[in-house]
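The values are calculated or read from the model by the stated rules, or taken from the named source; none is laboratory data. On a predicted model such as this, the values are computed, not experimentally measured, just so you know. Cβ coordinates were reconstructed from backbone atoms using ideal geometry, including for glycine residues, and neighbour counts include every protein chain displayed. We work out accessible area using only protein heavy atoms, side chains counted, and drop any ligands, DNA or RNA first. Shrake-Rupley method; radii C 1.70, N 1.55, O 1.52, S 1.80 Å.
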Amino acid sequence: MQALYAQLLVGLINGSFYALLSLGLAVIFGMLNIINFAHGALYMMGAFVAYFLLNIGGISYWWALLLAPVIVGIFGMILERTMLQWLTGLDHLYGLLLTFGIALIVQGVFQNYFGSSGLPYAIPDQLKGGMNLGFMFLPVYRGWVVIFSLVVCLATWFLIEKTRLGAYLRAATENPTLVRAFGINVPRMITLTYGLGVGLAALAGVLSAPINQVRPLMGADLIIVVFAVVVIGGMGSIMGSIITGFALGVIEGLTKYFYPEASNTVVFVLMVLVLLVKPTGLTGRAA
Amino acid sequence: MTALTDDTLRVTPRAMRDEMVLFAVMALLLAAVPFTGVYPFFVMQALCFALLACAFNLLIGYGGLLSFGHAMFLGTAGYCSAHALKVWALPPELGILVGIVAAFALSLVTGYISIRRQGIYFSMITLALSQLLYFIYLQAPFTHGEDGIQGIPQGHMFGVLDLSKPTMLYYVVLVGFLAGFLLIYRIINSPFGEVLKSIRENEPRAISLGYRTDQYKFLAFVLSGTLAGFAGALKVFVAQNASLTDVHWSMSGEVVLMTLVGGLGTIFGPVVGAFVIIAMQQYLAGFGQWVTVIQGSIFVICVLTFRRGVIGEIAHYFRRSF
């Protein structure tokens, strides 16, 4: 049973990353109509920025948790201003191709300087050690990742669904021209939205740095799994992305325990099943 | 919304005659390669990728469907051909057939699944399906995991053509490429191809005219996947191995890049793009990961400033289709 709980925990952690990443993808897609292929590369950048902050600037994990998403988010906003904004009105597929190119550039540059091996990132002192929950041993850091991700996901949901800013955002998703006529600076909102989505990816990167090592290709395979998560959950609903992300992480964890050979493929197999049964995805809005 | 390809160009009998002239020129130039001292291995490799890119282009350029998983057909056909040649010791022609049949079967299944969604979802699904196959091949015993299938015998095609001679192999690959190219050209200009283009332009209107667009897209997917498998089977003879690289997502990305550089929805564009990208990899091989950075930059530059691609720009300049 210990092993089962341990795999469930790993599943929850992976689920946190799926949720944070697919949430960002959904937010970006809503405003920019772009599937951000660079999301995995920006997740990786988040982890690297945390690594640099600690090893060059001596800045702790706690500050990195705030600074890395801001730094990578600003980088993302520069990308949006210099490149992505020129795709407005073109076929959606060009956004996919452009961001794929950006991902190749970013990953290639990091691979040149850091190879393919992983760099260690120490768990902060306050989160070291573990707790005995009676039925299992819980490493504190892993528990922290799950809870913190959940809080961030819910805060993002609250921001978009319940605040005035979120209302502008949702309105601009539906009809940008009309929202502009009300005097709201929609292009700036688009830039900020991209920054927000990218910041969420970078935050996931910082959270994963002490668990999975910091590697240039850490986001490359992850983003494909997240695409499958997005196909399963659909991008129509924020809460849908969060729930699907966590649920698939847990299912993956269970697979690791009961049938480890399929743990790499289970999310893709589920995607196939969902497409066969309900082609529009679980949240049901047609693309 | 701007469509993916240049639609101001009309296909006229004159344009078709020009295309046949260009095809003859291309075939003659390629046939002359063994006499020029150009490294034949390089050209053979480029021809396999050119056929793959042409098959991919059939789907995106004429059907408007961006597959981000075409490496799965290349790799599947490669593995199955390699296995048939090495383990079952089949002659080359049957080995190729095994690869094509495998790619055909795979495209039936993956097409049935992925055609259910449109646009970017279609791209994400094909990418996820190819990643699924990647993991299956990584674990399946017959692919030999990281090592791949190596030292594949080339054999005698139809019992007489000795494929271990580079010149003979070159002409066999060339004939295969030209046959595939002509088949794709025929498909594009058939009534089926015309319906496909109309779906790309305006699917709801095609539906209202009574076309079952899903069936057309499915057939285009199967044709494209099967032809990509043909390219994969030919590549086995050139490279004499089948490895995980051919199923990896980066390979799917390269095919997209080749077609984008040459020109989406142009007839000769994917061929030009394949030669450009393979030549670039050849000459920049010593620069390690910078090749990835350069490829990424080409993607960015193409999308931002050069969406018609090399052939597309030329065709646009002369106001013709090539």
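Points worth noting:
- Alpha-carbon centroids, the stretch A:1-77 and the stretch A:145-171: separation in whole Å: 16
- log10 of Debye I(q)/I(0), alpha-carbon scatterers only, for chain B at 0.10, 0.13, 0.14 Å⁻¹: -0.54, -0.95, -1.10
- Threshold 40 Å² - residues in the stretch A:246-279 whose accessible area is reduced by that much or more when the chain is no longer isolated, probe 1.4 Å: A:N264, A:T265, A:F268, A:M271, A:V272, A:L275, A:L276, A:P279
- Label-point separation in nm, B:F35 to B:T245, each point 7 Å along Cα→Cβ: 3.3
- Ranked by how many other beta carbons lie within 10 Å on average, peptides B:168-181, A:58-71 from highest: B:168-181, A:58-71
- The stretch A:93-164: C-alpha gyration tensor shape, a/c 1.5 cut-off, then a/b vs b/c: oblate
- The angle between the Cα long axis of helix B:13-31 and the longest principal axis of the Cα atoms of chain B comes to about 20 degrees, rounded to the nearest 10.
- Interface residues in the stretch B:84-133 - accessible area drops by 50 Å² or more relative to the isolated chain, probe 1.4 Å: B:I113, B:R116, B:R117, B:I120, B:Y121, B:M124, B:L127, B:A128, B:Q131, B:L132
- Two-site label geometry, A:F258 and B:R186: point separation in nm, points 7 Å out along Cα→Cβ: 5.1
- Rounded accessible area of B:V87 (nearest 10 Å², 1.4 Å probe): 90
- Annotation for the stretch B:217-322: trypsin sites (Lys or Arg not before Pro) lying in DSSP loop with at most 15 further Cβ atoms inside 10 Å of their Cβ are B:R319.
- Exposure rank, largest accessible area first [A:S241, A:S117; 1.4 Å]: A:S117, A:S241
- Chain A: relative contact order as a whole-number percent, Cα under 8 Å and 6+ apart: 39
- Computed about the Cα centre, the dipole magnitude for the stretch A:2-219 is approximately 220 debye when only Lys and Arg (+1) and Asp and Glu (-1) carry charge, each at its Cβ.
- Counting Lys and Arg as +1 and Asp and Glu as -1 over every other residue whose Cβ lies under 12 Å from the Cβ of B:V25, the net charge comes to -2.
- Taking the protein heavy atoms of the protein assembly as shown in the context of the full set of protein chains, the accessible area attributed to carbon and sulfur is 67 percent at 1.4 Å.
- Mean accessible surface per residue for the stretch B:1-124, computed with a 1.4 Å probe while every protein chain stays in place, in Å²: 38
- Solvent-accessible area buried by A and B, counting both chains, probe 1.4 angstrom, square angstrom: 4300
- Kirkwood Rh, angstrom, the stretch B:201-265 [1 / mean 1/r, Cα pairs]: 14.5
- 1.4 Å probe, heavy atoms, protein only - residues of the stretch B:285-309 losing at least 20 Å² accessible area vs chain alone: B:Q289, B:W290, B:T292, B:V293, B:G296, B:F299, B:V300, B:V303, B:L304, B:R307
- Restricting attention to the protein assembly as shown, lysine pairs at least eight places apart or on different chains and with alpha-carbon atoms under 23 angstrom apart total 5.
- For chain A, the mean projected area of the C-alpha convex hull, equal to one quarter of the hull surface, is 15.9 nm².
- Charge context of B:Y137, other residues only, Cβ under 13 angstrom, K/R +1, D/E -1: -3
- Loop-located chymotrypsin sites (Phe, Trp or Tyr not before Pro) in the stretch B:187-216, at most 16 other Cβ atoms within 10 Å (DSSP): B:Y211
- Whether the stretch A:186-287 is rounded, prolate or oblate, judged on the alpha carbon gyration tensor where a/c under 1.5 counts as rounded: oblate
- Loop-located trypsin sites (Lys or Arg not before Pro) in the stretch B:6-78 (DSSP state other than H, G, I, E, B) with a sparse environment of at most 16 neighbouring Cβ atoms within 10 Å: B:R10.
- For the residues A:F246, A:F137, A:F158, a GNM of chain A with alpha-carbon springs under 10 Å puts the largest fluctuation on A:F137.
- Estimated FRET transfer efficiency (B:R116, A:V151; beta-carbon r; R0 45 Å; 0.05): 0.80
- C-alpha long axis of helix A:2-32 to longest principal axis of chain A, angle in °: 10
- Residue of A:N36, A:N132, A:N185 that the Gaussian network model of chain A assigns the largest fluctuation, springs spanning Cα pairs under 10 Å: A:N132
- 0 to 90° range, to nearest 10: angle between helix B:166-188 axis and chain B longest Cα axis: 20
- Prolate/oblate/rounded label for the protein assembly as shown (Cα gyration tensor, a/c 1.5): prolate
- Heavy-atom accessible area per residue - the stretch B:186-297, 1.4 Å, Å²: 37
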